[in-house]
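Note sheet for the following structure.
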Amino acid sequence: MVDDLTKVQEAIALGKRAQGISRQNIVFSVLVLAVLIPGALIGILGIAAAVVAHEGSELLAIGNSLRVRQG
């Protein structure tokens, strides 16, 4: 933290960027679950395949979140 008011604008921009990326991750995760859950319930996917796909999608969301740090 610094006593520089010009940093407020940077903080707001960073917050907006983080909010946008968070929205992307939420939408992506919900869409993946919307496909995986019915697929597992009707037998298209085995439970192990659904779990692996879900964990893979979560890793993609985490990787997407790292974009916030790039500025």
Can you give me the angle between helix 47-65 and the longest principal axis of the chain, using Cα atoms only, in degrees from 0 to 90, rounded to the nearest 10? 10
At 222 nm, what helix-only mean residue ellipticity would the chain give, in deg cm²/dmol to the nearest 500, using -39500 (n - 2.57) for each DSSP H run of four or more? -28000 deg cm²/dmol
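What does the charge dipole of the chain about its Cα centre add up to, to the nearest 20 debye, if the Cβ of each Lys and Arg holds +1 and the Cβ of each Asp and Glu holds -1? Numbers along the way, then the final one.
Numbers: 6 positive and 5 negative charges, 35 e Å.
Result for the chain is approximately 160 debye, rounded to the nearest 20.
Counting alpha carbon pairs within less than 8 Å and at least 6 residues apart, what relative contact order, in whole percent, applies to the chain? Please report the intermediate quantities before stating the final value.
Numbers: 28 pairs, mean separation 30.0, N = 71.
Computed value for the chain: 42 percent relative contact order.
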Quick one: helix 7-41 against the long Cα principal axis of the chain, what's the angle to the nearest 10°, folded into 0 to 90? 0
Note down the nm distance, to one decimal, between modelled labels 7 Å out along Cα→Cβ at Ala13 and at Ala49. 4.6
Largest first and in whole Å, what are the equivalent-ellipsoid semi-axes of the chain based on the Cα gyration tensor, each being the root of 5 times an eigenvalue? 37, 11, 6
Cβ-Cβ FRET estimate between Asn64 and Leu41, R0 fixed at 30 Å, reported to 0.05: 0.65
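We did not get these values from a lab; they are worked out from the coordinates using the rules stated. No experiment lies behind these values; they were computed from the predicted model shown. For neighbour counting, all protein chains shown are included, and Cβ atoms are generated from backbone atoms with ideal geometry for every residue, glycine included.
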